[in-house]
1. Return yes or no: is L45 touching a strand residue (DSSP E or B) at 6+ places or on another chain (Cβ under 9 Å), more than 10 Å from the ligand (Cβ to nearest atom), modelled with pLDDT of 95 or more and assigned to a strand (DSSP E or B)?
2. Tell me yes or no: at least one residue of region 27-37 is at pLDDT below 95, touching a Ser or Thr at 6+ places or on another chain (Cβ under 8 Å) and of a type outside the set (A, V, I, L, M, F, W, C).
3. What number of residues within region 5-20 satisfy the criterion of being more than 11 Å from the ligand (Cβ to nearest atom) and within 10 Å of T43 (Cβ to Cβ)?
4. With the structure loaded, tell me whether L20 is part of a strand (DSSP E or B), at pLDDT 95 or above and closer than 21 Å to L99 by Cβ or whether it fails that test.
5. Being modelled with pLDDT of 95 or more, part of a loop (DSSP other than H, G, I, E, B) and farther than 21 Å from Q17 by Cα is the filter; apply it to region 63-104 and report the residue that is nearest to the ligand (Cβ to nearest atom).
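The values are calculated or read from the model by the stated rules, or taken from the named source; none is laboratory data. These numbers were taken from a predicted model, which means no experiment stands behind them. Here Cβ is always computed from backbone atoms with ideal geometry, including for glycine, and neighbour counts include all displayed protein chains.
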Amino acid sequence: MKLLVIIVQDADANELQKQLTKNDYRATKLTSTGGFLREGNTTFLMAIKDEELPFVKVLIAENCKERTQTMPTRSFYLDETGMSESMEVVVGGAVVFVLPLEEMFRL
Ligand code: 2BA
């Protein structure tokens, strides 16, 4: 078995959740915050069988898009033109950690 920790953008979370449920997968959805952008994202915890991993990867890939976000680098200071500096950051589609899972049970 595997434990998946799947970090997605909030904009993709509902559709991914819908598709997981539609395909009979169970997942726990957590509210999380990215350490770099310090913006909200969504983390799913999922226990799956080893052989389900390829299909779950497809579901994630189909439902989580890469997006470019502009991040102020010096938000409190304006440069000589009166503009604050910013940088573009490519976020997602999804960051996925796959961990070996020894056991999962419900009581
Ligand atoms: P954030 O930490 O807010 O990062 C958002 C995006 O900023 C990242 O997208 C990446 O493109 C960029 N980024 C992050 N750290 C950077 C740095 N030190 N220098 C330059 N750019 C940087 P993703 O890689 O798609 O990550 C999306 C979210 O997934 C992250 O949000 C974080 O919540 C999580 N994540 C990514 N890598 C992780 C890791 N190794 N461990 C734990 N969480 C991770």
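1. Judged against the criteria, L45 is a match.
2. No: region 27-37 contains no residue that is at pLDDT below 95, touching a Ser or Thr at 6+ places or on another chain (Cβ under 8 Å) and of a type outside the set (A, V, I, L, M, F, W, C).
3. Within region 5-20, residues that are more than 11 Å from the ligand (Cβ to nearest atom) and within 10 Å of T43 (Cβ to Cβ) number 1.
4. Spelling it out, it is not the case that L20 is part of a strand (DSSP E or B), at pLDDT 95 or above and closer than 21 Å to L99 by Cβ.
5. Only one residue tops the list, namely L101.
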